[in-house]
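Trainee: If you scroll down you'll find the structure; I have some questions about it.
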Amino acid sequence: MAEARLTLYDYPLSSASYRVRLALAIKGVDHDRITVNLRDGAQNEASFKDKNPAGLVPLLLLANGRTISQSLAILRYLDSIATPRLFPLDSLEDARVSAMALSIACDIHPLNNLRILKYLTGPLGVSETAKNGWYAHWITTGFTALEAEVSAIGGSFCAGESLSAADLCLVPQMFNARRFNVDLTPYPALIAIDARVRALPAIEVVAPPKPA
Ligand SMILES: N[C@@H](CCC(=O)N[C@@H](CS)C(=O)NCC(=O)O)C(=O)O
């Protein structure tokens, strides 16, 4: 359990924040949540950029005033204060989990982030249809590789029989894929893992709101 209360700056539809919400729920870490309304541009206001110059959520504020940005850095910090571990202690297993988590967090998610989509449809003049095609393209490219990898491992979760940071990256990315109507039928292994993680206790409350 955490030594002192934490504050998470997040946004319900932020998938990077969802990774952290999942970790906090699974570890049972008490915390406060402050919403940074990404739709209204609150991430770019000085009051938030003073805390995170990158203007991105999630951001974790510790009781001593220090902050941690980047969801995977936050997950690693949470591993140091609460169980269950999300990154294995064994360095080779850690590398495997990290690689899978990064394949989502670095190779899929950033290409489809809000500011990228806004830049496509704004300065680059891309149509909504083309933007949605772009979105689906990067998810299917990444998921095709990940499906092959987790199928080869053949476990209950991405990296085998233990829940890990890779699963906490997968669930929000699956949510995003469904939100943008990406066809997930080619990814049965990912669908099964996503369902297994979301069936864990205390998970539903941290999920993003269902589309109206
Ligand atoms: N690599 C960062 C990504 C953070 C990120 O991109 N957050 C998004 C929400 S999911 C954000 O704050 N976007 C604001 C914007 O695009 O203006 C992490 O893993 O924490």
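The values are calculated or read from the model by the stated rules, or taken from the named source; none is laboratory data. Keep in mind the model is a prediction, meaning the values are calculated, not measured. Note that each Cβ is placed from the backbone with ideal geometry, even for glycine, and that neighbours are counted across all protein chains shown. We work out accessible area using only protein heavy atoms, side chains counted, and drop any ligands, DNA or RNA first. Shrake-Rupley method; radii C 1.70, N 1.55, O 1.52, S 1.80 Å.
Trainee: Please work out how much accessible surface Tyr77 shows to a 1.4 Å probe, ignoring ligands, DNA and RNA, in Å² rounded to 10.
Mentor: 70 Å²
Trainee: Rolling a 1.4 Å sphere over the protein heavy atoms, what is the accessible area per residue of the chain, to the nearest Å²? Let's see the in-between values first.
Mentor: Numbers: 10280 Å² over 212 residues.
Result: 49 Å² per residue.
Trainee: I'd like the projected area of region 94-161, averaged over all directions, using the convex hull of its alpha carbons. Report it in nm² with one decimal.
Mentor: About 5.0 nm², averaged over all directions.
Trainee: Hey, what's the per residue convex hull volume over the C-alpha atoms of region 61-212, in cubic angstrom?
Mentor: 146 Å³
Trainee: Let me ask something else about it. Just in region 56-130: which trypsin sites (Lys or Arg not before Pro) are loop by DSSP and have at most 10 other Cβ atoms within 10 Å?
Mentor: Arg66
Trainee: A follow-up question, please. Using the alpha carbon gyration tensor of region 46-118, what are the three equivalent-ellipsoid semi-axes (square root of 5 times each eigenvalue), largest first, in whole Å?
Mentor: The answer is 24, 20, 7 Å, longest axis first.
Trainee: So, one more: For region 70-178, with the dipole built from +1 on Lys and Arg beta-carbon atoms and -1 on Asp and Glu ones, taken about the Cα centre, which of Val126, Ala145, Pro88 lies farthest toward the positive end?
Mentor: Working it through, the farthest residue towards the positive pole turns out to be Val126.
Trainee: Under a Cβ-only charge scheme (Lys and Arg +1, Asp and Glu -1), can you give me the dipole magnitude of region 39-86 about the Cα centre, in debye to the nearest 20?
Mentor: 140 debye
Trainee: What does the charge dipole of the chain about its Cα centre add up to, to the nearest 20 debye, if the Cβ of each Lys and Arg holds +1 and the Cβ of each Asp and Glu holds -1?
Mentor: 520 debye
Trainee: Count the net charge of all other residues whose Cβ sits under 12 Å from the Cβ of Leu13, scoring Lys and Arg as +1 and Asp and Glu as -1.
Mentor: Values: positive: Arg21, Arg39, Arg179, Lys210; negative: Asp10.
Charge balance in the 12 Å sphere: +3.
Trainee: I want the local charge near Asp94. Using Cβ-Cβ distances under 13 Å, sum +1 for each Lys or Arg and -1 for each Asp or Glu among the other residues.
Mentor: 0
Trainee: Excluding ligands and nucleic acids, what accessible area in Å² is computed for Ser69 using a 1.4 Å probe, to the nearest 10?
Mentor: 50 Å²
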